[in-house]
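Input: a single structure, listed below in structure tokens.
The values are calculated or read from the model by the stated rules, or taken from the named source; none is laboratory data. This is a predicted model, so every value here is computed, not measured. Here Cβ is always computed from backbone atoms with ideal geometry, including for glycine, and neighbour counts include all displayed protein chains.
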Amino acid sequence: MNRVGLWLMLLFLSVQVRGQETFSYHYELDLNKVKNDRLTVRLKVPSLKEKEEVTFHLPAVVPGTYAYGNYGRFVVGLRFLDEKGKSLKGHKVGENSWKCTQPSRLREVVYQVNDTWDFKDGGGIFPPAGSNITQGENYVINPFAFFGYFEGYEEYPYQLSVRHDSELYGASALKDQDERDEWDLFQTENYGQLADSPILYAKADTVQLMLGEGTEIEIAVYSTNGELKATMLQPILEKVLRAQQDYLGGQLPVERYAFLFYFNGDFTMGGLSGALEHNYSSFYFLPEYKGLLMEEVLTDIAAHEFFHILTPLKLHAKEIRYFNFHQPEMSRHLWLYEGVTEYLAHHMQVHQGLIEGEDFLQRMMRKAIAAHNTYNDSLPFTVLSKECLTTYKDQYPNVYEKGALIGMAIDLTLLKYTQGEMGLRELLFALINRYGEHHPFTDEELISAMIEESGVTYFQEFYERYLEGGEPLPLTALLEEVGVRFALELKEADYTLGNVEVDLNEKRQLYVTDIEQMDSTGIRMGYQKGDILLELQGRSLEGEDFLQVLDEEVSRLKEGDQLSVLVLRGGEKKQLKAEVCPIYRHRVHVVEGMEEVSDEQKRMRQRWLGAGDLE
């Protein structure tokens, strides 16, 4: 090839690259023009000359919901237009997809969108993942419910221009780039970032906080009955965030984060409420709780959602990083994204002293009960994770029950095998440092990475037995290492002197008043009504310390021991002897600090529970 030919080829390639780099989406949304309770969406389209046909999608599934939403069903009258506004050939090819067969002439896509909340039970969509249009009052703009993408063009930049009443404010993790009161301009690097950035439009009710070294926090509130204000939520969230900041080593790992609250006084949507996490914000759909109930609910739910900044924001598999909104493939590590996050939300509270150790243990027990009684406790969690959209969608809520217990088991396993040097937090920090936000791992390599970063080779067996194999988690044994008794059902051996009734006579001597309820040990001993107890295991019962002697000697009894009691019967001393028989007690849902613990158990428990330790 001569120099001229080579130069022309390079110039051609350069033009191609530049042309691809300049491709961007430009959406327009006018909140002042609501028609039939719908908003019109306009998308300006650059040239798509290299395509014979192009497919436009709205999401079938969005991250964090783990359920099909099929947002295309809320779109009405989608049209492909040329530069003169004339319709081009196109047709719907699925519930969420439209195909244009004249892409070289395509310059605009126009359609209307219904809000999901107007449908019965919110259209079957989890309310925080839905949308709302109340003209001039409130707009819940979850971008994935309004805006789509061309297949193969998900990674190109987006601009969103929103026109609105000057009295309304658009709260979001995204920053408005337009200084005009009635216009907002938001920009994102790709569709994933746009979809991940909800916007709450309402009359301004916001609070801004600065935490740590430059973390900007925005709290925005809309309350249908005006019962709640951002200033009422501020002290609760600030306390939670400062505790999380300390728990994470003194610095929150984000520069900006937005809490967006919609408080529904009428509480419809089939009774559903909750929150949806995003990388730099979270959206809440809640009843208008008040007082201590508000503080407890908000602390738990906000702590959970905010901790998603660790996973999946900064630690995730390829399936999460390159999420397919149209035909998603799920990661097998849902226990990491939701289960570990749920565990950290509660562990942070006990570790930082927001709740007592007993409260934390009771919360974990309630999760164990729910996992055992409500869900398929033997279903491998890797299988549940991969098939949570289809076969096992009814089992998905177990990620907040057994998933949290998996997080606790991993935390305790780390503490055990590293002698307290590393817990779950430290392992997450190490993995985040290894991968980070822009370097996803493959599902297959995660456990190897955990082993390399922690030095705990046992994690391979742990993964195979308890996540891939579905064996019951070894919580009883792990918690015993930190001096905690934990069991859904517990069979305990009790030992007695024979279960006879005793009282003090006029000489302050213990004597037998009733033998009707004697147990096996009592029958073997042969007690008789009126027997005066003089000695137990060779120790006198006639002193002032007889109660202490009784407690000490009974507590020492174990299976196979000989019980010896000297009695006075009919004026004569008689030695009663027999082998003790255990009386078994069945207890359920046992969670408590053990009475006798070693110094090492105390040390490990304090390392685990922090400020909320049981002592």
Q: Only one of these is in the same structural domain as residue 66 (by TED's automatic domain parsing), of a type outside the set (Ser, Thr, Tyr), touching a residue at least 40 places away in the same chain (Cβ under 8 Å) and under 22 Å from residue 322 (Cα atoms): 114, 132, 142, 138. Name it.
A: 142
Q. Based on what the data block shows, is residue 457 closer than 24 Å to residue 610 by Cβ and either within 22 Å of the chain's Cα centre (by Cα) or free of Cβ contacts under 8 Å to residues at least 12 places away in the same chain (or both)?
A. no
Q) Between a first residue in the stretch 409-432 that is assigned by TED's automatic domain parsing to the domain that holds residue 475 and a second residue that is at pLDDT 95 or above and basic (Lys, Arg), which pairs have beta carbons less than 8 Å apart while being 6 or more apart in sequence or on different chains? A) 415/607; 420/603; 420/607; 423/607
(Q) I'd like to check something: does the stretch 553-563 contain any residue that is touching a residue at least 40 places away in the same chain (Cβ under 8 Å) and either closer than 30 Å to residue 424 by Cβ or in a strand (DSSP E or B) (or both)? (A) yes
Q: With the checklist (1) more than 26 Å from residue 277 (Cα to Cα); (2) not assigned by TED's automatic domain parsing to the domain that holds residue 64 in hand, flag the one item residue 175 doesn't pass.
A: (1)
(Q) So the check is Cβ under 9 Å with 6+ separation or different chains; which pairs have a first residue in the stretch 309-329 that's without any contact (Cβ under 8 Å) to a residue 12 or more places away in the chain and not assigned by TED's automatic domain parsing to the domain that holds residue 94 and a second one that's part of a helix (DSSP H, G or I) and among the acidic types (Asp, Glu)? (A) 329/319
Q. Among the residues of the stretch 480-500, which ones are loosely packed, with under 13 Cβ neighbours inside 10 Å and at pLDDT 95 or above?
A. none
Q) Taking the stretch 83-125 only, how many residues are among the polar types (S, T, N, Q) and under 22 Å from residue 272 (Cβ atoms)? A) 2
Q | Search result, residues across the stretch 327-346 that are out of contact with any helix residue (DSSP H, G or I) (no Cβ under 6 Å at 6 or more places or on another chain) and in a helix (DSSP H, G or I) | A | 336, 337
(Q) I'd like the residue in the stretch 285-326 that is of a type in the set (Asp, Glu) and touching a helix residue (DSSP H, G or I) at 6+ places or on another chain (Cβ under 7 Å) and, out of all such residues, is farthest from residue 346 (Cα to Cα). (A) 295
Q. Since residue 73 meets every condition but one in (1) part of a helix (DSSP H, G or I); (2) at pLDDT 95 or above; (3) out of contact with any helix residue (DSSP H, G or I) (no Cβ under 9 Å at 6 or more places or on another chain), which condition does it not meet?
A. (3)
**Q.** Of all residues making up the stretch 429-454, the number that are assigned to a helix (DSSP H, G or I) and under 21 Å from the mean Cα position of the chain (by Cα)
**A.** 8
Q: Can you tell me which residue among 94, 85 is in contact with a strand residue (DSSP E or B) (Cβ under 9 Å, 6 or more places away or on another chain), in the same structural domain as residue 46 (by TED's automatic domain parsing), under 16 Å from residue 41 (Cα atoms) and not charged (D, E, K, R)?
A: 85
Q) Residue check, residue 194 against (1) closer than 20 Å to residue 64 by Cβ; (2) modelled with pLDDT of 95 or more; (3) within 19 Å of the chain's Cα centre (by Cα), all met but one. Which one? A) (3)
Q. Which residues, taken from the stretch 427-479, are surrounded by fewer than 16 Cβ atoms within 10 Å (Cβ to Cβ), more than 30 Å from residue 369 (Cα to Cα) and touching a strand residue (DSSP E or B) at 6+ places or on another chain (Cβ under 7 Å)?
A. 442
Q: Looking only at the stretch 402-416, decide whether some residue is closer than 21 Å to residue 472 by Cβ and polar (S, T, N, Q).
A: yes
Q.
Can you tell me which residue is surrounded by the fewest Cβ atoms within 10 Å (Cβ to Cβ) among those in the stretch 342-376 that are of a type in the set (A, V, I, L, M, F, W, C) and free of Cβ contacts under 8 Å to residues at least 60 places away in the same chain?
A. 370
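A quick yes/no check of all residues on (1) out of contact with any His (no Cβ under 9 Å at 6 or more places or on another chain); (2) under 30 Å from residue 60 (Cβ atoms); (3) hydrophobic (A, V, I, L, M, F, W, C):
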{"site": "351", "(1), (2), (3)": "yes, no, no"}
{"site": "363", "(1), (2), (3)": "no, no, no"}
{"site": "374", "(1), (2), (3)": "yes, yes, no"}
{"site": "379", "(1), (2), (3)": "yes, yes, yes"}
{"site": "390", "(1), (2), (3)": "yes, yes, no"}
{"site": "397", "(1), (2), (3)": "yes, yes, no"}
{"site": "407", "(1), (2), (3)": "no, yes, no"}
{"site": "413", "(1), (2), (3)": "yes, no, no"}
Q) Is it true that some residue in the stretch 258-280 is of a type in the set (S, T, N, Q) and at pLDDT 95 or above? A) no
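Per-residue answers, yes or no, for (1) more than 25 Å from residue 363 (Cα to Cα); (2) assigned to a loop (DSSP other than H, G, I, E, B); (3) not small (Gly, Ala, Ser):
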| position | (1), (2), (3) |
| --- | --- |
| 379 | no, yes, yes |
| 383 | yes, no, yes |
| 396 | no, no, yes |
| 399 | no, no, yes |
| 406 | no, no, yes |
| 413 | no, no, yes |
| 427 | no, no, yes |
**Q.** Within the stretch 162-195, tally of residues that are of a type outside the set (Phe, Trp, Tyr), surrounded by fewer than 18 Cβ atoms within 10 Å (Cβ to Cβ) and in a strand (DSSP E or B)
**A.** 3
Q: Filter the stretch 495-552 down to residues that are in contact (Cβ under 8 Å) with a residue 12 or more places away in the chain, part of a strand (DSSP E or B) and closer than 13 Å to residue 564 by Cα, then give me how many there are.
A: 5
Q: Run residue 588 past the list (1) surrounded by 10 or more Cβ atoms within 10 Å (Cβ to Cβ); (2) of a type in the set (A, V, I, L, M); (3) not in a loop (DSSP other than H, G, I, E, B) and report the number of the one that doesn't hold.
A: (1)
